[in-house]
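Take a look at the structure set out below.
FYI, it's all coordinate maths here, none of it is from the lab. Because the structure is predicted, anything quoted here is derived from the model rather than measured. Note that each Cβ is placed from the backbone with ideal geometry, even for glycine, and that neighbours are counted across all protein chains shown.
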Amino acid sequence: MRNINENTITQAVVESMRDSGNARLRTVMNSLVHHLHAFAREVKLTEDEWFHAIRFLTEVGHITDDKRQEFILLSDTLGLSMLVTAQNNKKPPECTEATVFGPFFVDGAPEYKNGDDISNGASGEPCFVSGRVLGLDGLPISAAKIDVWQSDDEGFYDVQRPPEPNSAPEHQARGRLRSAADGSFNFRSILAVAYPIPHDGPVGRMLEALGRHPWRPAHLHFMIEAPGYETLVTHVFRDGDKYLDSDAVFGVRSSLIADWVRHDAGVAPDGTQMHNAFYTLQYDFVLNPAAN
Ligand code: BEZ
Ligand code: FE
């Protein structure tokens, strides 16, 4: 393998991988090499541009740690996350659509009972959320595991705040509940607000250079798991939000937009006397049966 030139390099790399015992890896890497080389040829990539890209990816790696996942942000803002979500979550139109997972899920969030306040002190206007988990036949799915997470009213998730002595609890505005025998669930939390994705790093600089904003429309994240059904990872988006048509990560689906209803001070759905305005949200989720 000598004297490889710009016309023979692609085939040379593909042939170098032919002895891999992993057929799927070969398929994926062959295609990646073909597309990567085609891209470099198409734009006539310069050495300066190549080095700029290497520096950019190095910065993405350096800023990534167990709390900040800049690679997911890069994938999200380039539409790759939504593409992978869409092509892996095809289901009947009656089912709730999936959308991006995002970087702020935490495994092992506190467990709550229906009716509990999952905000755990996070700041925001009170919001009472209720709904049902259903099958395609409209029948309730009981004991579904429901993970919920959201930002506070400043647009920050708990994991984005640096831990400080005597500071807020580790987990705020996130939790895990179970649907009741009739498929219903309900909890108290805070009003979802629009927020910018972290944009003080290389991905933020990329967005700025591209004339793009970093905002996501207000939403509440859900992950719902039940035996015999596909796991649903989705959001519910707040109707009327000004970023619904320009989500920085391309995650909005019309079917996931719902009305957060504002109420003046009075009695909340859980019977609490509210001295200030509060919101309610009602949304039902329909799960797709798992393939056998
Ligand atoms: C989120 O909704 O939490 C999120 C999704 C993608 C990138 C950043 C944040
Ligand atoms: Fe989010």
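So the values come out like this:
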{"item": "Efficiency of FRET from Cβ geometry, SER254 and ALA40, R₀ 45 Å, rounded to 0.05", "result": "0.75"}
{"item": "Residue-wise HN-Hα coupling along the range 264-278, computed from phi with Karplus coefficients 6.51, -1.76, 1.60 (Hz; x: Gly, Pro)", "result": "5, 3, x, 8, 7, x, 8, x, 5, 7, 9, 8, 10, 4, 8"}
{"item": "Most mobile of ALA173, ALA53, ALA38 in a GNM of the chain (Cα contacts under 10 Å)", "result": "ALA38"}
{"item": "Lys pairs, the chain - Cα-Cα below 26 angstrom, 8 or more residues apart or on other chains", "result": "4"}
{"item": "Dipole of the range 28-118, positive direction: furthest Cα of LEU80, HIS34, THR46, with charges on the beta-carbon", "result": "HIS34"}
{"item": "Dipole magnitude of the chain, debye to nearest 20 (Cβ charges: Lys/Arg +1, Asp/Glu -1, about Cα centre)", "result": "740"}
{"item": "The chain: DSSP helices with Cα axial extent of at least 27 Å and average Kyte-Doolittle hydropathy no lower than -0.5", "result": "23-42"}
{"item": "Chymotrypsin sites (Phe, Trp or Tyr not before Pro) within the range 66-119: DSSP coil, no more than 15 neighbouring Cβ in 10 Å", "result": "PHE105"}
{"item": "Distance from the range 7-83 to the range 223-245 (C-alpha centre basis), Å", "result": "30"}
{"item": "Protection proxy ranking, peptides 178-190, 1-13, average beta carbon neighbours within 10 Å, highest first", "result": "178-190, 1-13"}
{"item": "Nonlocal amide H pairs with ILE257, under 5 Å, H built at 1.01 Å", "result": "PHE237"}
{"item": "Equivalent ellipsoid dimensions for the chain as semi-axes, Å, which come from the Cα gyration tensor, largest first", "result": "41, 24, 17"}
{"item": "Neighbour net charge for TRP149 - beta-carbon separation under 12 angstrom, K R +1, D E -1", "result": "-2"}
